[in-house]
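Student: Take this structure, written in structure tokens, and hold onto it; I'll ask about it next.
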Amino acid sequence: MYSEIRNILIPLNGGGNIDSVLKTGFAYAKLFNAHLSTVLVGDDPNEAAALAGEGLSGAMIHEMMEAAEHESQRRMLQIRLKFDSFVEEHGIVREHTFVPERLPEGDRVSATLELLTGSEHEAVTWRARLSDMTLMPHLSLTDNVRASETLHAVLFDSGRPLVIAPVEPPKTFGKRICIAWNGTSEASAALRAVLPWAHQADEVQVLYSPEYHRRGPEAEKVLDYLQLHGIQATIAPFGSKERNVGVGLLEACQEFGADMLAMGAYSHSRLRQMIIGGVTRHVLEKAKLVVLMSR
């Protein structure tokens with residue numbers, strides 16, 4: 001089986017639907033026989049110390065939550081409780097430390113939960129550099145600034161693909177994949193990163209917008225590249241909708257029935273997109289499917 005995904009990093013601090021990100025991570029771990037490396041980053045070393053004990057029962061965590069003086073500590077305890085429940089419900093092998101040679105066989109999945117301290121975006125980004133992908137929840141406009149900073153730090157500074165789980169868990173995982181192409185180096189990075197999923201997919205479609213294409217290889221050449229990797233794909237143009245290429249891109253994904261979109265991020269500068277909008281910003285805010293982004 002073609003796979004380059006062995007270690008999936010899941011930071012659990014951010015906002016968004018943690019259930020969706022855990023379900024998506026579990027599905028990909030089964031697909032690739034990968035390990036789930038989940039991390040929590042505390043503002044204060046005492047927060048991590050309170051969570052470090054293994055074998056804490058739900059009642060014990062609830063009692064700790066009631067005694068917690070700080071909202072951030074209560075939030076971390078809630079996440080820990082949710083993680084423990086998910087692991088137990090899905091029969092995931094809980095490891096104290098990730099040992100590669102002990103990866104479970106067959107459909108079994110292993111997971112670790114590590115408590116970190118310090119700067120969240122720095123701690124997560126460093127871990128991401130030794131992971132095959134980082135999986136984070138979709139962020140809404142109401143999520144805290146730190147969650148957005150961490151997401152963008154992983155995207156810009158980890159050198160590895162970022163995968164964003166939608167608000168609602170998808171019904172299928174990587175069965176129908178769209179690859180957005182505009183000829184840029186960012187699109188090229190996303191194309192390379194999505195190969196493990198494309199090998200497992202039932203259908204792959206390359207999407208391009210004539211009005212948004214930059215200097216670089218044409219979309220037809222992407223089909224040749226995929227074929228070299230043993231992947232058959234189709235190609236389809238799309239146009240902007242409501243004067244927005246991002247709207248047209250997501251509509252094209254919906255028409256294809258895609259459950260995953262791979263795309264380069266921030267071909268324009270992030271500052272420019274924050275001020276006047278852009279494709280990356282629109283997809284980050286509006287996508288209802290799994291999105292893989294690379295730079």
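Student: Any residue at all in segment 87-105 that's within 30 Å of A287 (Cα to Cα), touching a strand residue (DSSP E or B) at 6+ places or on another chain (Cβ under 6 Å) and either among the polar types (S, T, N, Q) or modelled with pLDDT of 70 or more (or both)?
Tutor: yes
Student: Can you tell me which residues in segment 170-189 are open to solvent by less than 20 Å² (accessible area, probe 1.4 Å), small (G, A, S) and not in a loop (DSSP other than H, G, I, E, B)?
Tutor: Of everything in segment 170-189, those that are open to solvent by less than 20 Å² (accessible area, probe 1.4 Å), small (G, A, S) and not in a loop (DSSP other than H, G, I, E, B) turn out to be A180, A187.
Student: Has segment 147-169 got any residue that is of a type in the set (S, T, N, Q) and touching a Leu at 6+ places or on another chain (Cβ under 7 Å)?
Tutor: The answer is yes; a qualifying residue exists.
Student: Kindly indicate whether E242 is open to solvent by 70 Å² or more (accessible area, probe 1.4 Å) and either among the basic types (K, R) or free of Cβ contacts under 8 Å to residues at least 12 places away in the same chain (or both).
Tutor: yes
Student: Sticking with this structure for a sec: For segment 212-239, what are the residues that are open to solvent by 70 Å² or more (accessible area, probe 1.4 Å) and among the hydrophobic types (A, V, I, L, M, F, W, C)?
Tutor: Scanning segment 212-239 gives a single hit, L228.
Student: Suppose we keep only residues that are assigned to a loop (DSSP other than H, G, I, E, B), closer than 18 Å to F238 by Cα and not hydroxyl-bearing (S, T, Y) within segment 190-211. Which one would you say is least open to solvent (accessible area, probe 1.4 Å)?
Tutor: P210
Student: Right, next: Here is a check on your reading of the model: is S188 under 16 Å from the mean Cα position of the chain (by Cα) and polar (S, T, N, Q)?
Tutor: Here the answer is no, as S188 does not meet what is asked.
The values are calculated or read from the model by the stated rules, or taken from the named source; none is laboratory data. Computed from a predicted structure; not experimentally measured. For neighbour counting, all protein chains shown are included, and Cβ atoms are generated from backbone atoms with ideal geometry for every residue, glycine included. The accessibility values were calculated without ligands, DNA or RNA, using every heavy atom of the protein model including side chains. Shrake-Rupley method; radii C 1.70, N 1.55, O 1.52, S 1.80 Å.
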